[in-house]
Amino acid sequence: MAINADQRLAAALSRLDSATAHLEAPFAIVDLAAFHANAATMVSRAAGKPIRLATKSVRCRHLIEQVLALEGFRGVLAYTLPEALWLANLGTSDDIVVAYPTVNRSALAALAADVLAAASIAVMVDSTDHLDVIEKAMAGVADPHPVRVAIDLDAGYEALGGRFRAGARRSPVRTPATAGELARAVMSRPGLQLVGLMAYESQIAGVGDNPPGRPLYARAIRVMQHKSAAELSERRAAIVAAVRTLTPLEFVNGGGTGSLEGTSAEEAVTEIGAGSGLYHPTLFDAYRGFTGQPAAMFALPVVRRPGPGVVTALGGGYPASGASSPSRVPSPYLPGGLRLDRDEAAGEVQTPLLGPAADNLRIGDKVWLRHAKAGELCERFNELHLVDGSSVVAIVPTYRGEGQNFG
Ligand SMILES: Cc1ncc(COP(=O)(O)O)c(C=O)c1O
């Protein structure tokens with residue numbers, strides 16, 4: 001017999017409450033069955049192209065290593081060079097691309113001084129200024145190892161002669177000519193080795209095309225994404241072809257969780273960078289093309305009952321980064337039928353939860369919430385409780401729990 005959404009939520013609540021009955025809230029969990037189901041969906045959506053795991057979206061070494069052992073995932077997309085050095089030193093991966101430029105002189109010097117790190121890590125550049133910073137840091141190292149470099153391309157969408165733009169402000173390199181020029185500049189510097197290109201289309205991979213309750217906006221997003229995907233696939237292919245005439249490339253990275261199937265269909269792209277889909281936070285509920293299972297969530301204790309139809313939970317104010325909007329705050333998940341108070345939302349030390357379901361909650365009960373984004377949840381907790389079925393099978397540290405904060 002098919003079960004409906006309410007029954008599914010009730011079953012999830014009863015399973016998670018029973019698995020964690022011994023824990024004191026607040027705490028965070030990862031539901032392993034959902035996590036692995038999401039990993040399998042991502043691999044199938046990538047249709048044979050390897051997924052380079054975006055570590056910012058996981059921020060837990062144990063889970064990163066579990067995912068890297070799965071077929072379909074290869075290498076990591078780190079977010080800072082100190083993080084990349086840490087992961088390389090610990091043996092988590094020997095295939096690391098740092099997705100954002102670094103100006104950290106001591107980390108660059110450490111990279112050039114260490115044979116293992118230098119062979120394992122590529123750093124991102126988008127201008128000759130970045131090349132100067134790298135070379136200057138290398139100058140202080142006796143017998144530096146060559147530094148592996150990748151070029152970040154602007155994958156944003158522009159129309160109306162540049163008056164309309166969608167996509168993250170990243171790189172100024174946008175054309176085959178400017179990419180070729182920077183590639184030649186890298187190649188002219190003896191200590192640097194050009195190994196790859198990256199072009200992340202945030203306006204497609206990170207923007208849901210089905211935002212709840214906003215049909216007109218949804219239509220505008222779909223039109224923009226359709227045009228952007230067509231424009232980018234041609235431009236990306238032309239840039240890759242131009243740079244490949246100058247030097248062989250180990251990888252061309254593109255895409256993210258929201259664009260796995262579209263980006264992987266582009267011949268010029270050799271791998272996808274993605275990670276958020278593993279935890280499947282609420283921002284990824286807003287896509288028509290795929291679904292995932294909530295895998296990461298946090299439990300808060302009910303500490304007050306201010307009146308009928310409302311309970312107050314301890315803590316919970318963990319907004320996601322990005323332009324602030326209601327979609328960036330945590331969402332009540334279990335029990336079903338709770339909502340945030342519009343005026344208070346999720347607060348620094350307490351979060352009121354409204355709705356008829358509140359009347360069935362007692363002081364000391366738990367409520368479960370989902371974060372809007374993926375890895376940022378791990379900046380709030382030292383550990384993740386890994387739930388398998390109806391039990392907690394392991395407790396593993398987050399980056400924060402290992403004393404690591406990479407910004
Ligand atoms: C360079 C790059 N690639 C890929 C992604 C996609 O990551 P995810 O799939 O974890 O959202 C991001 C996210 O910001 C990114 O900055």
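The values are calculated or read from the model by the stated rules, or taken from the named source; none is laboratory data. Values in this document were obtained by computation on a predicted structure and should not be read as measured data. Reconstructed Cβ throughout: ideal geometry from the backbone, glycine too, with neighbour counts over all protein chains shown. When the accessible area is computed, the model is the full protein with side chains, heavy atoms only, and any ligands, DNA or RNA have been set aside. Shrake-Rupley method; radii C 1.70, N 1.55, O 1.52, S 1.80 Å.
Of all the residues that make up the range 202-211, how many are closer than 17 Å to Ser171 by Cβ and more than 9 Å from the ligand (Cβ to nearest atom)?
2
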*Can you list the helices (runs of 4 or more DSSP H) found entirely within the range 70-176 that contain at least 1 residues being out of contact with any Cys (no Cβ under 9 Å at 6 or more places or on another chain) and within 14 Å of the ligand (Cβ to nearest atom)?*
81-89
*Positions within the range 182-228 being in contact with a strand residue (DSSP E or B) (Cβ under 8 Å, 6 or more places away or on another chain), under 30 Å from Pro144 (Cα atoms) and among the small types (Gly, Ala, Ser), in sequence order*: Ala183, Gly191, Gly196, Ala199
*Considering each of Leu377, Leu353 in turn, give the residue that is part of a strand (DSSP E or B) and open to solvent by less than 60 Å² (accessible area, probe 1.4 Å).*
Leu353
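For the range 270-283, name all the residues that are crowded, with 22+ Cβ neighbours inside 10 Å, closer than 29 Å to Glu250 by Cβ and either more than 11 Å from the ligand (Cβ to nearest atom) or of a type outside the set (Asp, Glu) (or both).
Filtering the range 270-283 down to residues crowded, with 22+ Cβ neighbours inside 10 Å leaves 271-281, 283.
Filter again for closer than 29 Å to Glu250 by Cβ, leaving 271-279.
Result: Ile272, Gly273, Ala274, Gly275, Ser276, Gly277, Leu278, Tyr279.
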*Give the residues of the range 140-155 that are touching a helix residue (DSSP H, G or I) at 6+ places or on another chain (Cβ under 7 Å) and surrounded by fewer than 21 Cβ atoms within 10 Å (Cβ to Cβ), sorted by residue number.*
Gly140, Val141, Pro144, His145, Pro146
*Between residues in the range 169-183 that are under 23 Å from Gln203 (Cβ atoms) and open to solvent by 70 Å² or more (accessible area, probe 1.4 Å) and residues that are more than 16 Å from the ligand (Cβ to nearest atom) and part of a loop (DSSP other than H, G, I, E, B), which pairs lie under 7 Å by C-beta distance while being six or more apart or on different chains?*
Pro172/Ser127
*Which ones in the range 24-44 are touching a strand residue (DSSP E or B) at 6+ places or on another chain (Cβ under 8 Å), farther than 17 Å from Leu377 by Cα and open to solvent by less than 30 Å² (accessible area, probe 1.4 Å)?*
Ala39, Met42
*State whether one or more residues within the range 311-328 are within 16 Å of the ligand (Cβ to nearest atom) and touching a Ser or Thr at 6+ places or on another chain (Cβ under 8 Å).*
yes
_Breaking point among (1) within 16 Å of the ligand (Cβ to nearest atom); (2) in a loop (DSSP other than H, G, I, E, B); (3) surrounded by 17 or more Cβ atoms within 10 Å (Cβ to Cβ), for Leu249_ = (1)
*For Gly213, work out the one condition from (1) more than 21 Å from Glu261 (Cβ to Cβ); (2) assigned to a loop (DSSP other than H, G, I, E, B); (3) modelled with pLDDT of 95 or more it doesn't fulfil.*
(3)
*Looking only at the range 284-308, which residues are assigned to a strand (DSSP E or B) and more than 13 Å from the ligand (Cβ to nearest atom)?*
Met297, Phe298, Ala299, Leu300, Pro301, Val302, Val303, Arg304, Arg305, Pro306, Gly307
*Among the residues of the range 330-347, which ones are buried (at least 21 other Cβ atoms within 10 Å of the Cβ), assigned to a loop (DSSP other than H, G, I, E, B) and touching a Pro at 6+ places or on another chain (Cβ under 7 Å)?*
Leu338, Ala346
*asked:* Scan the range 9-26 and tell me whether some residue there is outside any helix (DSSP H, G or I) and touching a His at 6+ places or on another chain (Cβ under 7 Å).
replied: yes
*asked:* Considering only residues that are open to solvent by 10 Å² or more (accessible area, probe 1.4 Å) and either among the polar types (S, T, N, Q) or more than 23 Å from Arg15 (Cβ to Cβ) (or both), which ones fall in the range 360-374?
replied: Asn360, Lys373
*Output the qualifying pairs, or none if there are none: Cβ atoms under 7 angstrom, residues six or more apart or on different chains, first residue in the range 260-280 and on the phi > 0 side of the Ramachandran plot, second residue more than 10 Å from the ligand (Cβ to nearest atom) and open to solvent by 10 Å² or more (accessible area, probe 1.4 Å).*
His280/Gly292; His280/Gln293; His280/Pro294
_Residues satisfying the stated conditions in the range 259-269, i.e. open to solvent by 10 Å² or more (accessible area, probe 1.4 Å) and either within 14 Å of the ligand (Cβ to nearest atom) or in a helix (DSSP H, G or I) (or both)_ = Glu261, Gly262, Ser264
*Applying the selection to the range 364-388, what residues are over 13 Å from the mean Cα position of the chain (by Cα) and within 21 Å of Gly336 (Cβ to Cβ)?*
Gly364, Asp365, Lys366, Val367, Trp368, Leu369, Arg370, Val387
